[in-house]
Amino acid sequence: TEACLAAIEGAGALNAFVHDTPEIARAQAAAADARIRAGDAPSMCGIPLGIKDLFCTKGVPSQAASAILAGFKPEYESTVSQQLWDAGAVMLGKLNMDEFAMGSSNETSTYGNAVNPWRRGNDDTPLTPGGSSGGSAAAVAADLCLAATGTDTGGSIRQPAAFTGITGIKPTYGRCSRWGIVAFASSLDQAGPMTKSVRDAAIMLEAMCGHDPKDSTSADIPVPNFEAALTGDIRGKKIGIPKEYRMEGMPAEIEKLWADGTAMLKDAGAEIVDISLPHTKYALPAYYVIAPAEASSNLARYDGVRYGHRAKLAAGDGITEMYEKTRAEGFGHEVQRRVMVGTYVLSAGFYDAYYNRARKVRTLIKKDFEDVFAAGVDAILTPATPSAAFGLGEMKDADPVQMYLNDVFTVTVNLAGLPGIAVPAGLDPQGLPLGLQLIGKPWEEGELLNTAYVLE
Ligand code: GLN
């Protein structure tokens, strides 16, 4: 804990931690020491963690990296973070992210972007750590903490993990309680661990999972011992390679990464099969209808009354002006764009053409996966991202759709509610980390982690 606190002090330039909690960390570390001495050390005892700013942490600023939540200190703790503290973990502080988890580069944060600790060859252009869990990824990759929490609505654990050379798993929808995690798109959001190894991910995920009556979509399904699943034996497992993920213009290094990963699994005794997930091409448009629709509804609560920021009002301003000014000042541009898109696709007259159609596409995407699993496939291997980390500012002013294209390999997994893991799998020609993604069957995180363990 002390080593991490010192590392955080020295790494201000990464802008990974946005709020440090050294007093809490030292108290929890002392309690962990006592439990170890008493011979009663739970699974995460004394492990110093960073917590994404999307998680409500009692009495500690929790702003979802948004100006609209300035000054908000929750009266309660999220279920997932509480479970980590119960398992003996130590909180170092809160981690940077895209505002309300909307973004793929950490550049929509009210705190300014976090920075990737990796560099492209000899070029010192600062790179994005990815997003939205960019602070979590940067902090783990730079050894500021042993692991961090992330959340993933369309790729926000897996893409930043891939960009920083770490491991990140999004469990099956319903595995981790969403209670106390600021909502982005409630039917897609899941928490998960971001760690230095698959084994760490298994241990931390187990501590984070479990049924919670406070989240109506939390599943009442037993949580197995994920670490015990790490045997390294994948003989006879069927690994599907989906042809729709082989995109036109795919960079040679991504092709090679994918081929090398396939060969590793084959060498370990897995059977490799070509598969088709025919509705893949509709995933990104469906996601960018459904996620903003849900977001526009979830963000309606930031009205200048109940939380955080309220705009200064002029004489004669009424309640409408209060809402308008507060939301115009408090929400950044990307969040405003999502609210407008979401409101539009939900509006009378457009609802059937956009939102309902996207929901139907979602069902088809889910069925694509069900069919493949029913045919005997155990897991699906794809690249995690279409490229390595890009330079900060490189995409910021581009057409927002260019940024959305980052999520092309990850959003299908959220739409289908499946578990997905990104593992570091090599370097590109400029020395930047690249990640592979494995997609698993619902509730089979143990098997998924074990396959990832072979790739590690
Ligand atoms: N990049 C995606 C988006 O901006 C995914 C974000 C996430 O998973 N939270 O919506």
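Derivation of every value follows stated rules applied to the coordinates shown; laboratory data play no part. Fair warning: this is a prediction, and the values are worked out from it, not measured in the lab. Every residue, glycine among them, receives a Cβ derived from its backbone with ideal geometry; neighbour counts consider all protein chains shown.
Would you pull out the residues with amide H under 5 Å of G93's amide H, same chain only if 5 or more places away, H placed 1.01 Å from N?
Those lying under 5 Å, H to H, from G93 are T21, I51.
Obtain the radius of gyration and the Kirkwood radius of region 2-229 from its C-alpha atoms and give Rg over Rh.
Values: Rg = 16.1 Å, Rh = 17.1 Å.
Over the Cα atoms of region 2-229, Rg/Rh equals 0.95.
From the phi of every residue in region 411-420, what ³J(HN,Hα) in whole Hz does the Karplus formula 6.51 cos²θ - 1.76 cosθ + 1.60 yield, where θ is phi - 60° and glycine or proline is x?
Running phi through 6.51 cos²θ - 1.76 cosθ + 1.60 with θ = phi - 60° gives 5, 4, 5, 5, 4, 8, x, 8, x, x Hz.
Students often get this wrong: which residues of region 356-384 have the backbone nitrogen under 14 Å from the point 7 angstrom along Cα-to-C-beta of I272?
Counting backbone N atoms under 14 Å from the label point, the list is 380-383.
Calculated FRET efficiency, L364 and K256, Cβ-Cβ r, R0 41 Å, to nearest 0.05?
Once rounded, the FRET efficiency stands at 0.85.
Taking other Cβ within 10 Å of each residue's Cβ, how do F409, F184 sort, fewest first?
Taking fewest neighbouring Cβ atoms as first place, the list is F184, F409.
Once the convex hull of the alpha carbons of region 126-196 is built, what does its volume come to per residue, in cubic angstrom?
84 Å³
Taking amide H atoms as placed 1.01 Å from N in the peptide plane, list the residues 5 or more away in sequence, or in a different chain, whose amide H sits under 5 Å from that of A147.
Sorted by chain and number, the residues that satisfy this are G50.
Once label points are set 7 Å from the Cα along Cα→Cβ at both A67 and S347, what is their separation, rounded to one decimal in nm?
2.5 nm
Counting only C-alpha contacts under 8 Å and six or more residues apart, can you give the relative contact order of the chain as a whole percent? Could you put the intermediate results ahead of the total?
Values: 1128 pairs, mean separation 84.7, N = 456.
The normalised contact order for the chain reaches 19 percent.
Using R₀ = 45 Å, calculate the FRET efficiency as 1/(1 + (r/R₀)^6) where r is the Cβ-Cβ separation of S186 and A30; round to 0.05. Write down the numbers at each step before the final one.
Values: r = 37 Å, r/R0 = 0.83.
That gives a FRET efficiency of 0.75.
Over the chain, how many percent of alpha carbon pairs lie in each 20 Å bin up to the one with the longest distance?
With 20 Å bins starting at 0, P(r) equals 27, 59, 14, 0.
Determine the sum of side-chain charges near S43: Lys and Arg each +1, Asp and Glu each -1, restricted to other residues whose C-beta is under 9 angstrom from that of S43.
After counting each charged neighbour, the total is -2.
Just order 100-113, 372-385 by mean Cβ neighbour count inside 10 Å, highest at the front, would you? Each step should come with its number before you reach the end.
Details: 100-113: 26.3, 372-385: 21.1.
Taking the mean over residues of other Cβ atoms within 10 Å, the ranking is 100-113, 372-385.
Treat each spin label as a single point 7 Å out from the Cα along the C-beta direction, and report the A7 to A300 distance in nm.
4.4 nm
Longer than 31 Å from Cα to Cα, which of K52/K237; K73/K312; K52/K366; K94/K214; K94/K170; K214/K325 are they? Say none if no pair is. The partial results should precede the final answer.
On the way: K52/K237 35 Å; K73/K312 21 Å; K52/K366 29 Å; K94/K214 23 Å; K94/K170 20 Å; K214/K325 33 Å.
K52/K237; K214/K325, as the Cα separations exceed 31 Å there.
Taking H as built 1.01 Å from N, whose amide H comes closer than 5 Å to the amide H of E271, not counting residues under 5 places away?
Excluding prolines and chain starts, which carry no amide H, the hits are G236, K237, K238, I239.
Could I have the simple spin-label model distance between R246 and Q430, label points 7 Å from Cα toward Cβ, reported in nm to one decimal?
Simple spin-label model gives 2.7 nm for this pair.
Given region 207-308, what whole percent of its Cα pairs are spread farther than 24 Å?
Result: 60 percent of Cα pairs exceed 24 Å.
Using only Cα atoms, figure out Rg for region 330-419 and give it as a multiple of 2.2 N^0.38 Å.
Dividing the Cα Rg of region 330-419 by 2.2 N^0.38 Å gives 1.36.
What percent antiparallel are the DSSP beta bridges of region 2-229, to the nearest 5?
For region 2-229, the DSSP antiparallel bridge percentage is about 65.
What number, rounded to the nearest 500 deg cm²/dmol, is the helix-based mean residue ellipticity at 222 nm of the chain, given -39500 (n - 2.57) per DSSP H run of at least four residues and division by all its residues?
Calculated mean residue ellipticity at 222 nm is -10500 deg cm²/dmol.
Antiparallel versus total DSSP beta bridges in region 47-156: what percent is that, nearest 5?
Given both bridge residues lie in region 47-156, the antiparallel proportion sits at roughly 20 percent.
For region 425-440, what does the Karplus curve 6.51 cos²θ - 1.76 cosθ + 1.60, with θ = phi - 60°, yield as ³J(HN,Hα) per residue in whole Hz, taken in order and with x for Gly and Pro?
Listing the rounded values in order: 9, x, 10, 7, x, 9, x, 9, x, 10, x, 9, 10, 10, 10, x Hz.
Out of all DSSP beta bridges in the chain, what portion is antiparallel? Express it as a percent rounded to 5. Write out the running numbers ahead of the final one.
Values: 30 of 44 bridges.
Of the beta bridges lying entirely in the chain, close to 70 percent run antiparallel.
Using the Karplus equation 6.51 cos²θ - 1.76 cosθ + 1.60 (θ = phi - 60°), what ³J(HN,Hα) coupling, rounded to whole Hz, does each residue of region 182-194 give in order, writing x for Gly and Pro?
4, 6, 10, 10, 4, 7, 10, 5, 9, 8, x, x, 10
Percentage of Cα-Cα pair distances in region 44-108 greater than 18 Å, rounded to whole percent?
36 percent
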